[in-house]
Amino acid sequence: MSLSMFEAAVPPLARSLGNLSAILAKAAAHAEAKGIDPAVLLQARLYPDMFPLVRQVQIATDIARRGLARLAGEESASMEDNEASFSELISRVEATLASLEGFLPEQIDGSETKPIELTIRSETFHFNGQNFLLFFVLPNVYFHVTTAYAILRHNGVELGKRDFLGEP
């Protein structure tokens with residue numbers, strides 16, 4: 001049995017982002033219970049040259065949303081990067097999940113060999129659809145979700161591996 005591009009993309013991205021939403025909700029509850037200003041956690045980072053939590057979430061959602069749109073040959077709706085609360089970040093994740101759920105298998109399947117050109121800063125990368133998904137989209141989303149998890153865990157939010165992986 002082969003795995004389609006849709007199956008390789010949408011369920012894993014939706015699961016990871018759904019878990020991120022639950023992690024952010026736990027962080028909001030933690031801040032409230034401990035009397036921590038949520039801005040402290042939202043602007044926390046693992047190292048001075050890394051992005052803060054809020055930016056990690058923005059990037060994870062952008063890459064998932066834009067990545068699937070590219071595979072489907074569509075334009076992705078843009079989102080402003082202006083979230084300043086946990087509820088706004090959760091809403092952003094939920095909007096991204098709704099976007100992912102809007103894709104049909106026939107929009108993504110068959111995109112394995114589709115040429116994808118991606119310019120980041122001044123560098124242009126060339127992929128086929130499969131490599132774009134497997135070596136750019138998925139790893140980037142996982143990196144930024146993992147970093148968001150690590151920032152919150154480092155700052156005392158009670159999270160475990162199951163929060164990251166979700167329920168089996």
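No value in this document is a laboratory result; all are computed from the given coordinates. This structure is a prediction, so every number in the text was calculated from the model and none was measured. Backbone-built Cβ (ideal geometry, glycine too); neighbour counts: all protein chains shown.
Structural remarks
- Pairs, first touching a residue at least 12 places away in the same chain (Cβ under 8 Å) in the range 148-168, second of a type in the set (Val, Ile, Thr) and loosely packed, with under 13 Cβ neighbours inside 10 Å, C-beta under 9 Å, six or more apart: ASN155/VAL40
- Residue in the range 75-83 that is hydroxyl-bearing (Ser, Thr, Tyr), more than 14 Å from the chain's Cα centre (by Cα) and not in a helix (DSSP H, G or I) present: yes
- Some residue of the range 71-91 being closer than 14 Å to VAL145 by Cα and either among the charged types (D, E, K, R) or buried (at least 16 other Cβ atoms within 10 Å of the Cβ) (or both): yes
- Condition met for SER4 (hydroxyl-bearing (Ser, Thr, Tyr), surrounded by 17 or more Cβ atoms within 10 Å (Cβ to Cβ) and either touching a His at 6+ places or on another chain (Cβ under 7 Å) or touching a residue at least 40 places away in the same chain (Cβ under 8 Å) (or both)): no
- Neighbours by Cβ (under 8 Å, 6+ apart or cross-chain): first from the range 31-54, in a helix (DSSP H, G or I); second hydroxyl-bearing (Ser, Thr, Tyr): PRO38/SER85; LEU42/SER85
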